[in-house]
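Down below is the structure, laid out as structure tokens.
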Amino acid sequence: MTSAVTTPPFVIAEPDPSDEHSVSVEHDENHGKGRKTGFAGEKELRALATWFAQEPSDAKGWRVLNELTLRTLDRIEMDPSARCFTTEDLCDWAVVDCSGDVWRDVKRWWDCRRLKVREAMRIAGSEFEPKLSREGGGGRGNKAVSMWRMEPMDDKAAAEVSAHEDDVSLAAPAPVGDVLYRRADYPPVKVSNWLLRRLFRDGQMNIGSSRHNILRLNLLGSTLFLLLFSLAVVVLMFIHNRAVGTRDLGLLGLIAIGGLMWWQKWRPIIYAREDRITPLPEEWLPLKAAPAQLERKRTDGGEVLRLVRYAATCPICGGDIHLASGAPEWRRRTVGRCADAPREHVFSFDPVLQSGKRL
């Protein structure tokens, strides 16, 4: 990427939409303006940044394009080449895994929201809309760069916005294909419990190893403690042979809470034995961590328990799909749920083929 060259300070004039040269798609020009003139699409970019702030999401497309918008605004007075960014830089700033065809997923997310962005531009009083542009690439050392360009909203685009406002049902549903899942272990999966963090210090443990035996002893020990405590409370109630009082109800409530905490902690270990993969409960993960799973996998060196994170891109809206519990509709089944529509955009998950279909 060409190094940024800061231009002398100047006063940025408000872009005039009535000027046919206010916005241009010429690649080698500053949107029709001279190099000492402010970026002609600043008004649209600020409206776009406001739209991103009003539509927060954890989706990969939102994070990458929000960074692209904010970084472009930060360099609004610089040379046009300073407002071109590589995919690696954008993913690094957005804390997004850059493996695979990440730009295809980002583009899909953007295309699914073009109508909403056009409406935001219309409300902002602009006759132009941001266009996601990508140039370069294809040669060794020649990385593709992405940038925002502005193009006029033609009559057809305006009609699409009006039709969307009048009757949402006019929009034909997009065809939905198979979902392809991928391992998304960036950032790596971490657990919140200190003991589990030590046992899964490299993200996995071999079945039958010393770390696995420690895990089994903890499971057995906590189970015995809960059973003995429950038995002691019940036995004492029968020995005293009296009516159940507030103290007894409090002890029974304590047993119920302890049983629920035990189940939430050890359920993944129990389910992974039969289901091979199961979603981790929130109690296992740090705050604001992306959903993750516990997988029991056969390898050449034997079976392992490993922390994984499978994800995909929703073919309907371009959002991020994470694996979650299928309950209540599909009990004991791990399914893919779109983060933006977890009850509507639901897909199956085949752990062998790592693919799925809409449910």
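Computed values, structure above
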read-out: Inter-label distance, nm, simple model (7 Å from Cα along the C-beta direction), Lys116/Gln264; value: 3.1
read-out: For Asp79, distant residues with modelled amide H under 5 Å away; value: Val5, Thr7
read-out: Proximal lysines relative to Lys43, as straight alpha-carbon distance under 20 Å, when same-chain residues fewer than 8 apart are discounted; value: Lys33, Lys116, Lys131
read-out: Efficiency of FRET from Cβ geometry, Leu227 and Ala144, R₀ 45 Å, rounded to 0.05; value: 0.15
read-out: For the stretch 112-117, 3J(HN,Hα) per residue [Karplus equation, 6.51 cos²θ - 1.76 cosθ + 1.60, θ = phi - 60°, Hz, x = Gly/Pro]; value: 6, 10, 4, 4, 5, 5
read-out: Cut-off under 5 Å, modelled amide H: who pairs with Gly100 long-range; value: none
read-out: FRET efficiency, Lys357 to Asn213 (Cβ-Cβ, R0 51 Å, nearest 0.05); value: 0.80
read-out: Shape call, the stretch 38-138: gyration tensor on alpha carbons, a/c limit 1.5; value: oblate
read-out: In sequence order, calculated HN-Hα J values of the stretch 342-359 (Karplus, 6.51, -1.76, 1.60; Hz; x Gly/Pro); value: x, 9, 9, 9, 10, 9, 6, 9, 9, x, 7, 7, 6, 9, x, 10, 5, 9
read-out: Karplus 3J(HN,Hα) series, Hz, for the stretch 283-291 with 6.51 cos²θ - 1.76 cosθ + 1.60 (x for Gly, Pro); value: 5, 7, 10, x, 4, 6, 7, 5, x
read-out: Net length gained if the chain between Ile76 and Leu180 were fully extended (0.36 nm per residue, minus Cα distance); value: 33.6 nm
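We did not get these values from a lab; they are worked out from the coordinates using the rules stated. Fair warning: this is a prediction, and the values are worked out from it, not measured in the lab. Quick reminder, even Gly has a Cβ in these numbers, built from the backbone with ideal geometry, and neighbours come from all protein chains shown.
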